[in-house]
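The values are calculated or read from the model by the stated rules, or taken from the named source; none is laboratory data. No experiment lies behind these values; they were computed from the predicted model shown. Glycine also receives a Cβ, built like all others from the backbone with ideal geometry; neighbour counts cover every protein chain displayed.
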Amino acid sequence: MNDQPSRCGYVAIVGRPNVGKSTLLNHLLGQKLAITSRKPQTTRHNMLGIKTEGPNQIIFVDTPGLHSNQEKAINRYMNRAAASAARDVDVVVFVVERTRWTEGDQLVADKLRGIKCPLIIAVNKVDQLEDKGDLLPQLQALADSHPRAEVIPISALRGINLDTLENVILQHLPEGQHFFPEDQITDRSSRFLAAEIVREKIMRQLGAEVPYQVTVEVEEFNQDGPILHISAAILVERSGQKRIIIGNKGERIKQIGSQAREDMERLFDSKVMLNLWVKVKSGWSDDERALRSLGYRD
Ligand code: GDP
Ligand code: K
Ligand code: MG
């Protein structure tokens, strides 16, 4: 007989951009929920990923990376989201890369100084190590400089040592009833997830500057028998960006659409008809009101 008490609590995943926070969330959940890419600012919103297993429910909060550049409203929005997630949780997982400690990591460490809850430092991307001997001194140095943290090496991408990470997290969660039904995996709507999938393909396909000036708005999301009809507008700041996204003879947007559709069919477990178009809406990324109307709410 299993007489373990049930545990339930919130776990914030924080760190500078690109350390692998969203990849970690997806691997822990065993499902691709959060979008990921090699570019910073892929994740713009806090998002819950809920894992219910046996008697326990862990509610992970994926966050945008903390940015030192606060010039634009969208950057300030992302920083507010990340900072607010680290408050009012039961455990904070601070993700860093195994290679080096950067200014960005220090910015996060400073923000975390005041938190009261247990802190885990997850040293990610250890799959990239050639010489395992290099890792130990680094882990030791991190443990020395953060005496109240537990330091755990992981690979979010390859799933290395994630059981250990999850067990340590569980030990710190309070006993209590679940907050969410066991089949719920996120707090975000299907429309939101669909918009994010389109944005991921844009982040991954387009070069340096365009992706940061793009947002996606789902205008239709409608299951009709076996087919899910989704229409989405890709909003850009300038007409030049519109041309880039559409591409030569529409090649680029066609590719974005077909990759997005594949992911959507997997996530929503349905055939999907996806209709995409591009609209110029100047100033959306630096206008607090436009952001709110596009669903950037804190
Ligand atoms: P985030 O900005 O912190 O959410 O980072 P992402 O999850 O978007 O990941 C940033 C990049 O790092 C992506 O290209 C990921 O594939 C890659 N990445 C994440 N975790 C690992 C890992 O454990 N090993 C390796 N080699 N790459 C990883
Ligand atoms: K990223
Ligand atoms: Mg992310």
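Inside segment 7-19, residues that are at pLDDT 95 or above and surrounded by fewer than 22 Cβ atoms within 10 Å (Cβ to Cβ) make up a count of 4.
Among the residues of segment 26-58, those that are more than 8 Å from ligand 1 (Cβ to nearest atom), of a type in the set (A, V, I, L, M) and closer than 23 Å to residue 205 by Cβ comprise 33, 47. Output the residues belonging to segment 251-284 that are under 19 Å from the mean Cα position of the chain (by Cα) and more than 19 Å from residue 231 (Cβ to Cβ). The one that is under 19 Å from the mean Cα position of the chain (by Cα) and more than 19 Å from residue 231 (Cβ to Cβ): 266. Checked against the criterion of being touching a residue at least 40 places away in the same chain (Cβ under 8 Å), out of contact with any Lys or Arg (no Cβ under 9 Å at 6 or more places or on another chain) and of a type outside the set (Phe, Trp, Tyr), segment 203-216 has no qualifying residue. Do we find that residue 9 is within 14 Å of ligand 3 (Cβ to nearest atom), in contact (Cβ under 8 Å) with a residue 24 or more places away in the chain, not hydroxyl-bearing (Ser, Thr, Tyr) and not in a loop (DSSP other than H, G, I, E, B) in this structure? No, not satisfied. Screening segment 198-283 for strands (runs of 3 or more DSSP E) wholly inside it with 2 or more residues that are acidic (Asp, Glu) and at pLDDT 95 or above returns the ranges 215-224.
Selection over segment 12-54 of residues that are away from ligand 2 (no atom under 13 Å from the Cβ), part of a loop (DSSP other than H, G, I, E, B) and free of Cβ contacts under 8 Å to residues at least 60 places away in the same chain gives a count of 3.
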